[in-house]
1. Would you mind finding the one in TYR365, TYR310, TYR349 that is buried (at least 22 other Cβ atoms within 10 Å of the Cβ) and aromatic (Phe, Trp, Tyr)?
2. Does VAL372 count as open to solvent by 10 Å² or more (accessible area, probe 1.4 Å), among the hydrophobic types (A, V, I, L, M, F, W, C), at pLDDT 95 or above and not in a helix (DSSP H, G or I)?
3. Can you name every residue in the stretch 382-391 that is open to solvent by 40 Å² or more (accessible area, probe 1.4 Å) and either over 28 Å from LYS197 (Cα atoms) or of a type in the set (D, E, K, R) (or both)?
4. Regarding LEU267, is this residue aliphatic (A, V, I, L, M), open to solvent by 60 Å² or more (accessible area, probe 1.4 Å) and closer than 26 Å to LYS235 by Cβ?
5. Yes or no: ALA307 without any contact (Cβ under 8 Å) to a residue 60 or more places away in the chain, closer than 30 Å to MET398 by Cα and of a type in the set (Gly, Ala, Ser)?
6. Tell me which residues, restricted to the stretch 189-213, are more than 18 Å from VAL312 (Cβ to Cβ), part of a helix (DSSP H, G or I) and open to solvent by 10 Å² or more (accessible area, probe 1.4 Å).
7. Where the second residue is acidic (Asp, Glu) and the first is open to solvent by 70 Å² or more (accessible area, probe 1.4 Å) and lies in the stretch 412-432, which pairs have Cβ atoms under 6 Å and are six or more apart or on separate chains?
8. From the list ARG249, ARG231, pick out the single residue that is farther than 25 Å from ASN327 by Cα and at pLDDT below 95.
Amino acid sequence: MKTALKSLLDEFYDFLLPELTRRKTDFPLIPHKSTVIVGMRRTGKTWFCYQKMKDLMLEEVDQSRILYLNFDDDRLFGFTVKDFQSILDVYYARFPENKEKLCYFFFDEIQLIDHWETFIRRLIDRENVQITLTGSSSKLLGVEIATSLRGRTYTCEMFPMSFAEYLVAKGLFEETPKSFSPANQAKLRNAMEEYFKSGGFPETIKLPSFERQKLLQDYIDSVLFRDIVERHKIKNIVVLRHLIQEILRNPGQKFSVNKFYNTLKSLGIECDKTSIYTYIDHLTDAFLFYRVYLHDKSERIRRVNPAKIYAVDPGILYTAMTGSEDNNGPVFENIVFNALRRNAKSVEYVQTSDRREVDFLVTDYFNKSRLVQASWSLTNAKTYEREINSLVTLGNEMNIENRIVVTWDEENELENGIRIVPIWKFLLETNE
């Protein structure tokens, strides 16, 4: 294993860090804590680490004080917890002068190695190193952090590129636009139409439609087989595929396990309800989907009511959809959710006392709340009345003044304080 490690280190120190679109996500390097970056595969966790490495070198940290290893590399096949010490042996043999210096270790997809947390705990406690970890499983990392690394970690989540990041990556703007001149608005509307279908996975942004769709499907298969089937020893792949397709075709809908179970039964596919619940857990643990629960003080009521399920990115949705205009509303709502989820402490759906619904109750890390409706258009009188009345009623019931309706391209400010905002502006305001 030391031979493989030496080879990987040789490659890293000969490697020129690539030019990259700067991500807006950031994290502090806190002494005596490891930073854990989680998120679905291919969202850019590795390149985010490159960004942090570049920042360190701009602060005059020599590259020799930086170590990077990707445990998803086939040359580390067979690596076990007993081999972790070899990393230190190989690194300090190469740079003995760094033993007394603060060094920066980046470990990619570390959850692939059983009992990794014991090594990281030792590093934090005994070595002069700052550690950054990445992983594509919230549950595996979460369990190990809770049991062995409590109080020793700072976790941040990496998403596909936001609309603001997408604009820069596509070369449409050098930085997030601060003014909305007529010319800028035209560019933003056009970019929004593209983002609506392509999403923000970094590798796919500049690809033609066919190649993008194929690559995104490969991402889904990677989550299916590597993060779920292999990791959890799942044998009923047929049910998993049906489940993924069902959610992708109905984003933002309340998911009924009973209804899905009966659909499988009608198709002659055998599966018990407990397994379906477990599979949904696995899919959300791998960050392909997110569940949004009903807001209620009673945990029992929250759990009894079905959760809504959203996808990590609109591009993923288009791998399963027909392209019909009927899909615009659900994809639109999913994009609004993605924007809210990036910066929120919690996102829930909520109902008025007379059972009318508001799409999102968003609570930030300062415990400030706002209500957000996602509505493709308010030109229909019945839609307008439903969306606005629900916001007014619920805002009054919960004493929440910040009320927003996100539309495709309508803008207004009503006397009751409700803002109607076009989605391209909302996304830039939310993720600036």
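1. On the way: TYR365 fails: buried (at least 22 other Cβ atoms within 10 Å of the Cβ); TYR349 fails: buried (at least 22 other Cβ atoms within 10 Å of the Cβ).
The match here is TYR310.
2. On the way: open to solvent by 10 Å² or more (accessible area, probe 1.4 Å): no; among the hydrophobic types (A, V, I, L, M, F, W, C): yes; at pLDDT 95 or above: yes; not in a helix (DSSP H, G or I): yes.
Spelling it out, it is not the case that VAL372 is open to solvent by 10 Å² or more (accessible area, probe 1.4 Å), among the hydrophobic types (A, V, I, L, M, F, W, C), at pLDDT 95 or above and not in a helix (DSSP H, G or I).
3. So in the stretch 382-391, the residues open to solvent by 40 Å² or more (accessible area, probe 1.4 Å) come out as 382, 384-386, 389.
Result: LYS382, GLU385, ARG386, ASN389.
4. On the way: aliphatic (A, V, I, L, M): yes; open to solvent by 60 Å² or more (accessible area, probe 1.4 Å): yes; closer than 26 Å to LYS235 by Cβ: yes.
For LEU267, the condition - aliphatic (A, V, I, L, M), open to solvent by 60 Å² or more (accessible area, probe 1.4 Å) and closer than 26 Å to LYS235 by Cβ - is met.
5. Details: without any contact (Cβ under 8 Å) to a residue 60 or more places away in the chain: yes; closer than 30 Å to MET398 by Cα: yes; of a type in the set (Gly, Ala, Ser): yes.
Yes; evaluated as a whole, the condition is true for this residue.
6. Correct list: ARG189, ASN190, GLU193, GLU194, SER209, PHE210, GLU211.
7. The qualifying pairs are ARG419/GLU413.
8. Working: ARG249 fails: farther than 25 Å from ASN327 by Cα.
Of the residues listed, the single one that is farther than 25 Å from ASN327 by Cα and at pLDDT below 95 is ARG231.
The values are calculated or read from the model by the stated rules, or taken from the named source; none is laboratory data. Remember, predicted model here, so these are calculated numbers, not experimental data. Cβ coordinates were reconstructed from backbone atoms using ideal geometry, including for glycine residues, and neighbour counts include every protein chain displayed. Heads up: the accessible areas ignore ligands, DNA and RNA and are worked out on the full protein's heavy atoms, side chains in. Shrake-Rupley method; radii C 1.70, N 1.55, O 1.52, S 1.80 Å.
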